[in-house]
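*Asks:* Could you have a look at this structure, given as structure tokens, before my questions?
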Amino acid sequence: MASLTIRNLRKNYGSVEVLKGINLEAKTGEFIALVGPSGCGKSTLLAMTAGLESITQGEIWIGDRMVNSVAPKDRDIAMVFQSYALYPTMTVKENMAFGMESRNVPKPEQQAAIARVAALLQIEPLLNRKPGQLSGGQRQRVAMGRALVRDPALFLFDEPLSNLDAKLRVDMRTEIKKLHQRVGKTTIYVTHDQIEAMTLASRIAVMHKGEVQQFDEPEVIYNRPSNVFVAGFMGSPSMNFINGEITTANGTPAVSFPLVNGGTAMLQLQNGVAERATSRSVILGIRPEHLSRQSSATSERAGFATLSAPVEVVEPTGAETMAVLKFGQKEVVGRFSPDEAPKTGEDMPLAVDMTRACLFDPATERLI
Ligand SMILES: Nc1ncnc2c1ncn2[C@@H]1O[C@H](COP(=O)(O)OP(=O)(O)OP(=O)(O)O)[C@@H](O)[C@H]1O
Ligand SMILES: [Mg+2]
């Protein structure tokens with residue numbers, strides 16, 4: 001097992017810059033998630049780490065070895081591709097043995113590794129079947145098994161759950177987490193599913209247009225996103241962004257914006273935030289779960305601001321109820337518990353937890 005260090009990594013395809021200077025590191029045993037929209041360069045970064053794509057510029061280190069010019073088979077990496085890439089004519093057992101066979105691992109050692117991993121992934125009854133006789137989820141576990149028999153320095157996963165249905169995906173997510181807790185291998189895990197990233201990783205790198213926007217622990221990425229892109233990408237439903245102005249209400253700094261009824265919302269800011277702003281115009285970021293129905297409890301609590309807003313659409317999902325509310329011209333999504341659920345058409349009295357709000361600079365889109 002080893003650490004992974006990526007230094008100022010660049011990739012050009014002709015004149016197109018796909019990766020624009022990536023810096024990342026995974027400590028030994030760490031689970032890193034790479035997220036970002038389609039085309040941002042996640043698979044390219046993984047393929048370069050595995051040695052399957054050439055490096056335009058920069059360095060890749062596995063442990064204390066620079067691997068830029070090391071052949072893929074000598075990098076001691078196991079990779080699980082999104083497509084699984086199982087050999088269709090081989091049985092599950094043969095698929096799992098293939099890599100060991102080509103590295104001349106002795107037969108008894110191969111058998112022992114397959115038995116150990118098959119038990120771990122609960123695929124023992126499937127060992128003599130061919131991939132065509134397996135379900136998607138079983139194939140996925142076999143692809144994982146083929147990587148796990150390897151005992152490599154580093155695991156690379158490229159969206160391994162993306163072909164599974166919702167239920168199986170959640171089950172496999174838990175399996176991967178258990179597996180990592182048990183074997184503790186250094187892992188880079190690409191996904192465009194931010195729940196997967198939040199639940200699995202000790203740190204998340206959020207990529208956009210070939211650059212890492214933020215690389216930090218899940219809680220920091222979620223609660224202190226470094227810019228509007230990260231804030232909007234992580235979290236579902238997305239963070240609400242409202243254009244406002246910094247002003248003063250009852251002697252304390254607040255952010256104001258117009259409401260539908262002709263009034264103005266005045267939400268008091270936390271200490272020190274207004275001082276850091278370089279312009280009066282700001283973007284206020286509020287997560288859906290930080291809106292709640294105003295009650296005697298919330299209006300008393302420090303850090304909560306109040307306003308009322310018309311409810312346009314109500315979407316109950318069982319455990320919680322989403323609603324679209326109108327803040328001035330802006331549609332805002334709230335996430336409520338069913339017992340405080342909004343009613344369509346109601347002018348809903350709301351409490352906003354301003355201790356959890358984010359302010360962004362409209363010029364740079366960076367967190368203030
Ligand atoms: N061989 C190639 N030649 C030219 N451009 C390429 C090549 N391979 C990838 N690209 C481009 O590089 C960019 C990054 O691709 P990449 O596959 O790394 O994205 P990704 O983040 O993995 O996206 P997805 O989430 O859709 O899998 C894309 O714009 C893609 O079109
Ligand atoms: Mg990809």
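*Asks:* In the set 54, 38, which member is more than 25 Å from residue 2 (Cα to Cα) and within 16 Å of ligand 1 (Cβ to nearest atom)?
*Replies:* Numbers: 54 fails: more than 25 Å from residue 2 (Cα to Cα).
Result of the check over 54, 38: 38.
*Asks:* Any idea which residue in region 147-185 is nearest to residue 63 (Cα to Cα), counting only those that are at pLDDT 90 or above and away from ligand 1 (no atom under 16 Å from the Cβ)?
*Replies:* 154
*Asks:* Here is a further query. Across region 133-171, what is the number of residues that are in a helix (DSSP H, G or I), closer than 18 Å to residue 88 by Cα and open to solvent by less than 60 Å² (accessible area, probe 1.4 Å)?
*Replies:* Filtering region 133-171 down to residues in a helix (DSSP H, G or I) leaves 133, 136-148, 166-171.
Those still in the list that are closer than 18 Å to residue 88 by Cα too: 133, 136-147.
Pick out the ones that are also open to solvent by less than 60 Å² (accessible area, probe 1.4 Å) and you get 136-138, 140-147.
Of the residues in region 133-171, 11 are in a helix (DSSP H, G or I), closer than 18 Å to residue 88 by Cα and open to solvent by less than 60 Å² (accessible area, probe 1.4 Å).
*Asks:* Pick from 97, 71, 33: which is more than 16 Å from ligand 2 (Cβ to nearest atom) and buried (at least 20 other Cβ atoms within 10 Å of the Cβ)?
*Replies:* Working: 71 fails: buried (at least 20 other Cβ atoms within 10 Å of the Cβ); 33 fails: more than 16 Å from ligand 2 (Cβ to nearest atom).
97 is the lone residue from the list that is more than 16 Å from ligand 2 (Cβ to nearest atom) and buried (at least 20 other Cβ atoms within 10 Å of the Cβ).
*Asks:* Restricting to region 237-261, give me the number of residues that are surrounded by fewer than 18 Cβ atoms within 10 Å (Cβ to Cβ), more than 18 Å from residue 278 (Cβ to Cβ) and touching a helix residue (DSSP H, G or I) at 6+ places or on another chain (Cβ under 7 Å).
*Replies:* The number of residues fulfilling the criteria is 2.
*Asks:* Please name all residue pairs, on different chains or six or more residues apart, with Cβ atoms under 6 Å, provided the first residue is in region 172-201 and is in a helix (DSSP H, G or I) and the second residue is open to solvent by 60 Å² or more (accessible area, probe 1.4 Å) and away from ligand 2 (no atom under 14 Å from the Cβ).
*Replies:* 200/177
*Asks:* Could you check region 167-193 and list, in sequence order, the residues that are within 16 Å of ligand 2 (Cβ to nearest atom) and among the β-branched types (Val, Ile, Thr)?
*Replies:* Within region 167-193, the first condition is being within 16 Å of ligand 2 (Cβ to nearest atom), and the residues that meet it are 188-193.
188, 190, 191, listed by residue number.
*Asks:* Looking at region 217-224, is at least one residue open to solvent by less than 20 Å² (accessible area, probe 1.4 Å) and within 16 Å of ligand 2 (Cβ to nearest atom)? Don't jump to the end; show me each part of the working.
*Replies:* Of all residues in region 217-224, those open to solvent by less than 20 Å² (accessible area, probe 1.4 Å) come to 218, 221.
Still in the running and within 16 Å of ligand 2 (Cβ to nearest atom): none.
No.
*Asks:* Scan region 79-91 and report the pairs whose first residue is touching a residue at least 24 places away in the same chain (Cβ under 8 Å) and within 18 Å of residue 114 (Cα to Cα) and whose second residue is in a loop (DSSP other than H, G, I, E, B) and within 16 Å of ligand 2 (Cβ to nearest atom), with Cβ atoms within less than 7 Å and a gap of 6+ or a chain change.
*Replies:* These pairs meet every condition: 80/160.
*Asks:* Same structure, new question: Regarding residue 320, is this residue acidic (Asp, Glu), without any contact (Cβ under 8 Å) to a residue 40 or more places away in the chain and surrounded by 14 or more Cβ atoms within 10 Å (Cβ to Cβ)? Spell out how you get there, then give the answer.
*Replies:* On the way: acidic (Asp, Glu): yes; without any contact (Cβ under 8 Å) to a residue 40 or more places away in the chain: yes; surrounded by 14 or more Cβ atoms within 10 Å (Cβ to Cβ): yes.
For residue 320, the condition - acidic (Asp, Glu), without any contact (Cβ under 8 Å) to a residue 40 or more places away in the chain and surrounded by 14 or more Cβ atoms within 10 Å (Cβ to Cβ) - is met.
*Asks:* Where the second residue is open to solvent by less than 20 Å² (accessible area, probe 1.4 Å) and assigned to a loop (DSSP other than H, G, I, E, B) and the first is in contact (Cβ under 8 Å) with a residue 40 or more places away in the chain and on the phi > 0 side of the Ramachandran plot and lies in region 235-260, which pairs have Cβ atoms under 7 Å and are six or more apart or on separate chains?
*Replies:* Within 7 Å, the pairs are 235/287.
The values are calculated or read from the model by the stated rules, or taken from the named source; none is laboratory data. It should be emphasised that the depicted structure is a prediction, and the values quoted were computed from it without experimental measurement. Backbone-built Cβ (ideal geometry, glycine too); neighbour counts: all protein chains shown. These accessible areas exclude ligands, DNA and RNA; they are computed on the full protein's heavy atoms, side chains included. Shrake-Rupley method; radii C 1.70, N 1.55, O 1.52, S 1.80 Å.
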